[in-house]
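Working notes, beginning with the structure itself.
We did not get these values from a lab; they are worked out from the coordinates using the rules stated. Note that the structure is predicted; figures quoted are calculated from it, not measured. Because the Cβ atoms are built from the backbone with ideal geometry, glycine has one as well, and the counts that use them run over all protein chains shown.
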Amino acid sequence: MDFEVELIKFLQSGLSTNWISVFQVVTLLGSWLGLLISFIIIFRKRKIMACLMVIGFVAAIAINFAIKNIVCRARPFESFDFIVNYGNEGGFSMPSGHSCAVAVMAVFLIAYIFQISLNNTSKILGTVAVILLSLLVGFSRMVLGVHYLTDVLIGLLEGAIIASILLLIYYHYIYKVQKQVDMLKAMLKGDEDE
């Protein structure tokens, strides 16, 4: 706990108003704005996947809210006078809802990148970019003084698990549909041969 407090103190030391503004914008990627951007990107080519991501986002926020109210961990700025609440947040701290939400979006975006990318270079670069943006959102939560490191890490893990479960269901569904389409094609081809 001491390390987490010192980390936030260090991150907030010497912050200019410009940097605070930058992190206040970055943190929005872990909210409805990030969801909208991710949805538009995925929806163009994978409509079912985009809708499933929205379901995952809503489920993650609901689960996150429940966990917060069970754990009841105070936010850093509530426990330590020298930490400033640049995020204008209230409520409980553990786990980070923004980190959870951005992890849901990141897992879906990475799956999407792997589906549409034609070469390994674009898959790697896309994945690295999405992961770095996600980590930056988590980092912003600490800079803004509204979450501890463990809040962010648990939020990221929570979101990744929720999204992974939904993607497994999605891929299972797609596999079953493709299998039925292949069977239908084989049947139709058999009728043509006769």
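Just flag the trypsin sites (Lys or Arg not before Pro) in region 1-108 sitting in loop per DSSP whose Cβ has no more than 14 other Cβ atoms within 10 Å.
Taking region 1-108 and a limit of 14 other Cβ atoms within 10 Å, the loop trypsin sites (Lys or Arg not before Pro) found are ARG44, LYS45.
Under 5 Å between amide hydrogens, built in the peptide plane, is the criterion, and for ARG73 it picks out SER93, MET94 among residues at least 5 positions away or on other chains. Over the chain, what is the relative contact order in whole percent, taking alpha-carbon pairs under 8 Å and six or more residues apart? Over the chain, the number comes to 29 percent. Exposure proxy for SER164, SER140, SER21: other Cβ atoms within 10 Å of each Cβ, ordered fewest to most, give SER21, SER164, SER140. Lysine pair count for region 2-193 (Cα-Cα distance under 23 Å; residues 8 or more apart in sequence or on different chains): 9. The C-alpha atoms of the chain define a longest principal axis, and helix 149-193 lies at about 10 degrees to it. For region 10-20, 3J(HN,Hα) computed residue by residue from phi via the Karplus equation (6.51, -1.76, 1.60; θ = phi - 60°) reads 4, 5, 8, 6, x, 6, 8, 5, 5, 5, 4 Hz, glycine and proline entered as x. With 0.36 nm allotted per residue and the present C-alpha distance subtracted, the SER79-HIS172 stretch has 28.9 nm of extension available.
Taken over region 2-193, the percentage of Cα pairs per 10 Å bin, counting from 0 up to the bin with the maximum distance, is 9, 32, 29, 17, 7, 4, 2, 1, 0.
Can you classify region 114-190 as rounded, prolate or oblate using the Cα gyration tensor, where a ≥ b ≥ c are the square roots of its eigenvalues, rounded means a/c under 1.5, and otherwise it's prolate if a/b beats b/c and oblate if not?
Oblate.
Only DSSP H runs of four or more residues enter the estimate; each adds -39500 (n - 2.57), and after division by the residues of the chain the mean residue ellipticity at 222 nm equals -26500 deg cm²/dmol.
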